[in-house]
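Each remark here refers to the structure printed beneath this line.
The values are calculated or read from the model by the stated rules, or taken from the named source; none is laboratory data. Not measured: the values here are computed from a predicted model. Note that each Cβ is placed from the backbone with ideal geometry, even for glycine, and that neighbours are counted across all protein chains shown.
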């Protein structure tokens with residue numbers, strides 16, 4: 001499958017992929033996108049443009065994706081099932097592709113009760129698994145969800161998310177298998193802090209032959225402080241922050257905690273480079289885009305290959 005995606009070319013050529021993330025602004029401020037985009041250019045193969053993440057209103061993912069393209073980045077356009085029915089989804093996919101967007105991440109979306117409009121109606125017309133299948137059928141079969149033909153099919157490189165840390169752990173690899181079967185080309189995982197559990201999940205995926213069918217990008221988030229680590233451990237659903245991460249940050253001066261967080265992230269990236277079944281890293285430097293060049297340099301993932 002040739003989508004014209006740089007990320008797809010990097011992965012199919014066997015290079016270790018390095019992707020980033022950019023959250024659109026809570027307003028119509030284009031300069032905010034340009035400011036976040038600047039340190040990411042030439043540092044990442046693709047950049048995730050989030051879709052009303054945490055169920056908070058922001059500029060739409062497809063619109064922010066177009067500004068990212070204008071700034072020299074390749075967007076990974078996110079779409080959640082929470083906010084649209086199948087009509088709106090298929091229309092947005094056609095529009096995004098027509099504007100030059102080539103990567104798409106299919107997500108369920110955080111429940112609206114956690115966001116800034118808890119009274120809003122969740123759509124969830126289809127779920128993330130069905131969304132993956134729908135995009136695949138639009139691309140490979142040239143058909144809408146109702147079976148009708150598409151004049152000019154959108155050739156998206158299809159991504160999905162995986163959380164290796166949610167309970168019950170034994171089911172996690174089977175959920176991954178379902179997403180691969182549905183048509184995911186690449187997987188980006190939840191932020192990884194518990195490396196022991198991640199190793200076990202990747203081993204299971206290897207043993208089931210899944211890593212030969214899909215590209216797994218491990219999610220890495222550098223901790224800015226001990227406070228952030230404690231918050232993620234206790235307050236963020238689906239996050240698994242082991243005590244040894246907390247202890248490491250406790251063990252350094254407050255001024256050095258951000259540097260220690262980056263050091264931990266770089267150690268993880270070094271291990272992922274050698275881990276069988278991991279094809280790259282998805283760096284989620286949350287509101288810390290300006291640190292991406294330093295992290296990329298320290299983790300030894302520069303220069304990015306041109307393919």
Candidates 77, 114, filtered to the one that is in contact with a helix residue (DSSP H, G or I) (Cβ under 6 Å, 6 or more places away or on another chain), modelled with pLDDT under 95 and within 15 Å of residue 52 (Cα to Cα): 114
Residue within region 276-286 that is surrounded by 13 or more Cβ atoms within 10 Å (Cβ to Cβ), touching a helix residue (DSSP H, G or I) at 6+ places or on another chain (Cβ under 7 Å), assigned to a loop (DSSP other than H, G, I, E, B) and at positive phi present: yes
Close pairs (8 angstrom Cβ cut-off, 6 or more residues apart or separate chains): over 18 Å from residue 283 (Cα atoms) in region 214-240, surrounded by 14 or more Cβ atoms within 10 Å (Cβ to Cβ) and modelled with pLDDT under 95 anywhere: 233/239
Residues located in region 48-88, provided they are part of a helix (DSSP H, G or I) and crowded, with 23+ Cβ neighbours inside 10 Å: 61, 64, 65, 68
Subset tally (residues that are part of a loop (DSSP other than H, G, I, E, B) and under 22 Å from residue 100 (Cβ atoms)) for region 132-171: 9
Region 109-131, subset assigned to a helix (DSSP H, G or I) and within 17 Å of the chain's Cα centre (by Cα), residue farthest from residue 88 (Cα to Cα): 129
Yes/no for residue 252 being touching a residue at least 12 places away in the same chain (Cβ under 8 Å) and in a loop (DSSP other than H, G, I, E, B): no
Restricting region 229-257 to residues that are closer than 24 Å to residue 19 by Cβ and touching a helix residue (DSSP H, G or I) at 6+ places or on another chain (Cβ under 8 Å), the residue that is surrounded by the fewest Cβ atoms within 10 Å (Cβ to Cβ): 239
Every residue from region 130-169 that is within 15 Å of residue 238 (Cα to Cα) and surrounded by fewer than 22 Cβ atoms within 10 Å (Cβ to Cβ): 161, 163, 165, 166, 167, 168, 169
